[in-house]
1. How do the pairs read when you match residues in segment 360-371 that are at pLDDT below 85 with residues anywhere that are open to solvent by 60 Å² or more (accessible area, probe 1.4 Å) and part of a strand (DSSP E or B), using Cβ under 8 Å and keeping only pairs 6 or more apart or on different chains?
2. Of 235, 230, which residue is at pLDDT 90 or above, outside any loop (DSSP other than H, G, I, E, B), within 37 Å of the chain's Cα centre (by Cα) and exposed (fewer than 14 other Cβ atoms within 10 Å of the Cβ)?
3. Tell me which strands (runs of 3 or more DSSP E) are completely within segment 383-430 and hold 3 or more residues being modelled with pLDDT of 90 or more and over 25 Å from residue 275 (Cβ atoms), or say none if there are none.
4. So which of 554, 534 ends up being of a type in the set (Ser, Thr, Tyr), part of a strand (DSSP E or B) and within 30 Å of residue 426 (Cα to Cα)?
5. Give segment 434-448 a look and list any residue that's of a type outside the set (Val, Ile, Thr) and in contact with a strand residue (DSSP E or B) (Cβ under 9 Å, 6 or more places away or on another chain), or say none.
6. Out of contact with any Lys or Arg (no Cβ under 7 Å at 6 or more places or on another chain), under 19 Å from residue 473 (Cα atoms) and acidic (Asp, Glu): is that true of residue 402 in this structure?
7. Looking at segment 466-473, can you tell me whether even one residue there is in contact with an Asp or Glu (Cβ under 9 Å, 6 or more places away or on another chain) and closer than 30 Å to residue 277 by Cβ?
8. Is segment 188-203 home to any residue that is in a loop (DSSP other than H, G, I, E, B), open to solvent by 90 Å² or more (accessible area, probe 1.4 Å), hydrophobic (A, V, I, L, M, F, W, C) and under 14 Å from residue 263 (Cα atoms)?
Amino acid sequence: MLHKGDMTDMKIRWTKTAGSASDRFQDSSVFNETLRISQIQRHQGGRYYCKAENGLGTPAIKSIRVDVYYLEDPVVTVHQSVGEAREQFYYERTVFLRCTANSNPPVRYSWRRGREYLSQGSDKGVEIYEPFFTQGETKILKLKNLRPQDYANYTCIASVRNVCGIPDKSIVFRLTNKTASPNIKLLVEDPIIANPGDTVTLVCITSGGEPTPTLTWVRNAEGLPRKSVLNGGTLTLPAITTDDAGVYSCVASNNVGNPAKKSTNIIVRALKKGRFWITPDPYHNDDNIQIGREVKISCQVEATPPDELQFSWLKNGRPLRSSERMVITQTDPDVAPGTTNLDIIDLKFTDFGTYTCMASLKNGGIPEISIDVNISSTTVPPNLTVPRGKSPLVTQEGDTVDLQCLVSGKPKPIILWSRADKEAPMPDGSLQMESYDGVLRIVNVSREMSGQYRCQTSQYNGFNVKPREAIVELIVQYPPAVEPIYTEIRQGLGRAFTLTCRVLRAHPSRVLKYEWKLGTRLLTVGDFNQRDETEYHVRALNREGYGEYTCDITNEAGAGRCTFLVTGKAYPPEFYYDTYGALWQNRPRVYGFKLQWTQMNPGAVDRIKAYRLGIKQGLYLAMFCCMPRLHAAAAGATDCQASREGFAWRDGSIAPRAPHLWRVTGGGSGGQASERSSSPSPPRPSQASGAQLEWRSRRPLLMTSRRVIYSLSALSLGKGRPPAFQSQQEPQVFGTGE
């Protein structure tokens, strides 16, 4: 019977790109290995890879190419050889009719004028050719110096030669003396300025073109808003928002000449991001506000459209006008657009109070923005400090941590956080993050986030002075990263070997302990000194020494584990997937099969004594196996006794079979095993790295199946140890006999 290599453990994975997970379709058992693509589309064509694995040996990979054939409707475009004229577009002109169609396989084109098929040389006024740079992609019909008979119906026929039953497709273009490229008009202003919530209607009409052009609307390089309504050349945008703003273009096309395009810009009024800052007297080296000196209050707003922005100032709720001591400026070339300044000259006690900056748009339509700034004896520039015990801040990987800077002063500015190493990104991927309370919260902290963080005052909502800053150090502890995480070691009895577990990185890196176990049995413990690895030595392997060895290396943040599976099992043998002539027919309903396999590093374990062959047929669980019976060693013997356990018939019953003899030979890179009629001397298989099997059936296999599945395992014995079988993945060898 089959063990771990049984088909029920087989996993099938389909991918469209080798070695990646892109376009993965399913992970299923071998009983559902068929990949079904319903209503296949052209983009699904390409090479598909099927990967079969069961955790043993090397996965089996096969590929198949899928070609999707299709033919789209052809398109005819018309151009002339010189600049376009507004009237009598093609009068005494040379005209080019270009036919294109997307297809697979490449399309073949033919032209017809009326009912007459056109070919090269059939008419002196007609030339048919393929441009060098588009060979195989298009066929151009050139009409030289138009004649009266050239005004006719032209048919382009595209054909893929009936592949997969795809019929030919054609298109007709009528060429007349009125044929002209499109021309359009926009019945709207440019730009269009609207308030949020308004309904905007764009109207586009054709003013020329033959055939009649088709009209479409596009926005920038994007699609139209989902709520837009398109009716011919009229586009309606209900309840418009700032997200709907942009350049909208009307495009007219009739496949003659170049498409006509006209655009308009829709601007939606908006006010956002109101900010302020206070600038002490710039003529004195003092960051504080003092009586008798100058102080400037700046107010900034982002406005759309910017030329409609207007400001007004209030003091303690009353309108404030510009004067000799209170100078109001609406524009300042030294600052960003959308800024107004209030300069207080020779500050007095009576000037203390709350100043309000009011921002609005001239034509209204949206709420105004107000910003309050308090000027008093308590208005002082900011200061930054790090709370005691908050730097350095020690945390463990995966935790949530708060970095904190205390902000003093009035008003309190926005705090900007960045890495001290300016090239390192912040946790969200940006170079800078804002905080209104001085706290930076990092969720699921990782080891890459260790380092120094800088908190810095911003001029916004505070003083326009030299930034204050402080440094917070973050230390992230994480468990040791070790290698190997898992590995198999194959060893024979009585041999010596060493297991090594190595620390790649850890923090803290000097408080490390190790612990070796075999299963649950403790072997040894200790501390790391200067080395970054620990070893465990086995002088002579015995039966009890087989099993799973683990080495746990720990620090304050956790543990890393190396796992070693020490086994006496041989490496799984692997079938050749490309055996030539694997199936042949001797006489009606009697077939022969040849299997070949290879053995990886047979000397890694005790000498391999035999191979076990299992055969499964169809979807029934019943099977028969070739189980070599071991005998005492006999020099030169190459045969082993085997029996076939039975067949599975239609009703699922097991039909016992008489014993059969199998000949197993090996040595070097190959050998064979074949059915015989007499019993030879006892077997002694050599340490072969390969073998092959020939099997001839004397009667049909499973009558309801057309597929036979084989599995192979190797048996090694060492110093009286019980047999240890290692099963193998499904080989890609199939019999297709009735």
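The values are calculated or read from the model by the stated rules, or taken from the named source; none is laboratory data. Everything numeric in this text was worked out from a predicted model, so none of it was measured. Quick reminder, even Gly has a Cβ in these numbers, built from the backbone with ideal geometry, and neighbours come from all protein chains shown. Each accessible area value is taken on the protein alone, full model and side chains, heavy atoms only, with ligands, DNA and RNA left out. Shrake-Rupley method; radii C 1.70, N 1.55, O 1.52, S 1.80 Å.
1. Partner pairs satisfying both residue conditions: 363/193.
2. On the way: 235 fails: exposed (fewer than 14 other Cβ atoms within 10 Å of the Cβ).
Exactly one of 235, 230 is at pLDDT 90 or above, outside any loop (DSSP other than H, G, I, E, B), within 37 Å of the chain's Cα centre (by Cα) and exposed (fewer than 14 other Cβ atoms within 10 Å of the Cβ), namely 230.
3. Working: elements: 393-396, 401-404, 406-410, 415-419.
Here the list reads 393-396.
4. On the way: 534 fails: within 30 Å of residue 426 (Cα to Cα).
That would be 554, the only listed residue that is of a type in the set (Ser, Thr, Tyr), part of a strand (DSSP E or B) and within 30 Å of residue 426 (Cα to Cα).
5. Just the residues of segment 434-448 that are of a type outside the set (Val, Ile, Thr), to begin with: 434-438, 440-441, 444, 446-448.
434, 435, 436, 437, 438, 440, 441, 446, 447, 448 - these are the residues of segment 434-448 that are of a type outside the set (Val, Ile, Thr) and in contact with a strand residue (DSSP E or B) (Cβ under 9 Å, 6 or more places away or on another chain).
6. Working: out of contact with any Lys or Arg (no Cβ under 7 Å at 6 or more places or on another chain): no; under 19 Å from residue 473 (Cα atoms): yes; acidic (Asp, Glu): yes.
No, not satisfied.
7. Keep residues of segment 466-473 that are in contact with an Asp or Glu (Cβ under 9 Å, 6 or more places away or on another chain), which gives 466.
Add one more test, that the residue is closer than 30 Å to residue 277 by Cβ, and what stays is 466.
Looking through segment 466-473, at least one residue is in contact with an Asp or Glu (Cβ under 9 Å, 6 or more places away or on another chain) and closer than 30 Å to residue 277 by Cβ.
8. There is no residue in segment 188-203 that is in a loop (DSSP other than H, G, I, E, B), open to solvent by 90 Å² or more (accessible area, probe 1.4 Å), hydrophobic (A, V, I, L, M, F, W, C) and under 14 Å from residue 263 (Cα atoms).
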